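Just passing along the structure, written as C-alpha cells.
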Amino acid sequence: MANDMAATESIGDYAMHVFAVADAEFRKLLHDPMELFSRAIQPVLWLVLFGEVMSRVRGITAGGQRYLDFLAPGILAQSVLFVSIFYGISAIWERDLGVLHRYMVSPAPRSALVLGKALSSNVRALSQAFVVYLCALLLGVSMDLRPGNVAVVVLLIVLGSALFSTFSLIIACIVKTRERFMGIGQVLTMPIFFASNAIYPISIMPGWLKAVATANPLTYEVDGLRAMMLRGSASAIGLGTDLLVLLGIFLLLLAIATRMYPRMTE
C-alpha cells in the first residue's frame with residue numbers, strides 16, 4: 001500500500017511539473033495574442049489561393065474527390081509543422097535570458113521539462129486547427145464534424161505538434177544560436193512538407209520520393225487527418241498505424257531531447 005501511494009504521489013508530482021512548464025509557456029502566448037492572428041494568415045492563403053487554383057487541375061486526386069477537400073487536412077498538418085518546427089528558438093531565448101538555468105536547478109525531472117514544452121506547443125497548433133476548420137467550411141469543404149472524429153483530429157494534432165516541437169528542441173540543443181537555428185529550421189520545413197502527402201497523393205510520386213514520404217512522420221499525420229476530417233474519406237495507411245508511428249517517433253525524440261536539454265546551459 002505504501003509503495004502504491006508513493007507511486008501515485010510520484011506520478012502526481014511529475015504531472016505537476018509538466019503542467020507548470022506548459023502553463024508558463026501558455027502565459028507567454030497570452031501576452032502576445034497577435035502571434036496567433038499572424039500565424040492564421042498562412043493557412044488561409046494556402047486554402048484560398050493555392051487550393052482554389054489547383055482545384056482546376058484535373059487528375060491530381062482520384063475518385064472524383066475535389067482537390068480543395070484533399071488539400072484541407074494537408075494544410076492543417078502544414079500549419080502544425082510550421083508553428084512547431086521553430087519552437088526550439090524559445091529555448092535559446094530562455095538560455096540567453098537566464099530562465100533555462102532556473103529550470104535546470106529545479107527539482108523537476110528533465111523529461112518533465114521537455115514534455116511540458118512539447119505539450120505547450122499545442123496551444124498554437126490547436127488555434128491553427130480552428131482557423132483551418134473555419135476556412136474549410138466557408139469554402140465548402142466536405143468536413144466531418146462528428147465529435148468522435150474531431151476528438152481524433154485533436155489527438156493527431158497533439159501528437160504531431162509535440163513531435164515536431166521536440167525535434168525543434170533537439171536542433172536548438174545542437175546549434176545553440178538563434179541565427180543558425182533559423183537557417184536550419186527554414187531548410188527543414190519545406191523538404192518535410194513537400195516530401196509528404198500534404199498537397200499531392202503518394203501514388204503520383206516517383207519511386208525515390210515515395211520512399212522518403214514513407215519515412216516522413218508528416219505523411220502519417222496527414223493520412224490520419226484526412227481520414228478523420230473529411231466525410232466519406234478513409235485512411236490509406238491505417239489510422240492505428242498513423243497514431244502508433246507518431247507516438248513512437250515522439251517518444252524516441254523525447255528520450256533524445258531529455259538527454260540533450262541540459263547541454264543548452266553549457
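I want the local charge near residue 79. Using Cβ-Cβ distances under 12 Å, sum +1 for each Lys or Arg and -1 for each Asp or Glu among the other residues. Mind showing how you got there, number by number?
On the way: positive: 39, 124; negative: 221.
With Lys, Arg at +1 and Asp, Glu at -1, the net is +1.
Distance in nm between label sites at residue 130 and residue 182, each 7 Å beyond Cα in the beta-carbon direction?
Each label point is offset 7 Å from its Cα along the Cβ direction, giving 2.9 nm.
Taking amide H positions as placed 1.01 Å from N in the peptide plane, with prolines and chain starts having none, which residues 5 or more places from residue 230, or on another chain, fall under 5 Å of its amide H?
Correct list: 144.
Considering amide H positions built from the backbone, and no H for Pro or chain starts, which residues 5 or more places from residue 197, or on another chain, come under 5 Å of its amide H?
219
Another question about this same structure. Apply the a/c threshold of 1.5 to the C-alpha gyration tensor of the stretch 215-266 and tell me whether it is rounded, prolate or oblate. Walk me through the numbers on the way to the answer.
Details: a/c = 4.34, a/b = 3.29, b/c = 1.32.
Judged from the Cα gyration tensor, the stretch 215-266 comes out prolate (a/c at least 1.5, a/b above b/c).
How many nm is it between the label spots at residue 54 and residue 174, if each spot is 7 Å from the Cα in line with the beta carbon?
Simple spin-label model gives 2.8 nm for this pair.
Can you compute 3J(HN,Hα) from phi for each residue in the stretch 138-151, using the Karplus curve 6.51 cos²θ - 1.76 cosθ + 1.60 with θ = phi - 60°, rounded to whole Hz and x for Gly and Pro?
5, 8, x, 5, 7, 7, 9, 9, 5, x, x, 5, 4, 4
How do the peptides 78-87, 240-249, 203-212 rank, highest first, by the average count of neighbouring beta carbon atoms within 10 Å per residue? Mind dumping the intermediate values first?
Working: 78-87: 24.8, 240-249: 16.4, 203-212: 12.2.
Peptide ranking by packing, descending: 78-87, 240-249, 203-212.
Summing Lys, Arg as +1 and Asp, Glu as -1, what charge do residues with Cβ under 14 Å from the Cβ of residue 224 carry, residue 224 excluded? Don't skip to the answer; put the middle values down first.
Working: positive: 226; negative: 144, 221, 223, 242.
Net local charge, residue 224 excluded: -3.
Among rounded, prolate and oblate, which fits the stretch 132-178 when a ≥ b ≥ c are the square roots of the eigenvalues of its C-alpha gyration tensor, a/c under 1.5 means rounded, and a/b larger than b/c means prolate? Show your work: numbers first, answer last.
Details: a/c = 6.56, a/b = 2.36, b/c = 2.77.
Oblate.
Taking the inverse of the average 1/r across all pairs of different Cα atoms in the stretch 113-266, what Kirkwood radius in Å do you get? Could you put the intermediate results ahead of the total?
On the way: mean 1/r = 0.0600 Å⁻¹.
Final number for the Kirkwood radius of the stretch 113-266 is 16.7 Å.
Right, something else. Quick check: net charge around residue 254, other residues with Cβ under 13 Å of its Cβ, Lys/Arg +1 and Asp/Glu -1?
Working: positive: 110, 117, 259; negative: none.
So the environment of residue 254 carries a net charge of +3.
Coordinate-derived values only; no laboratory data. Nothing here was measured: the structure is a model prediction, and the numbers come from that model. Cβ sites come from the backbone with ideal geometry, for glycine too, and all protein chains shown count toward neighbours.
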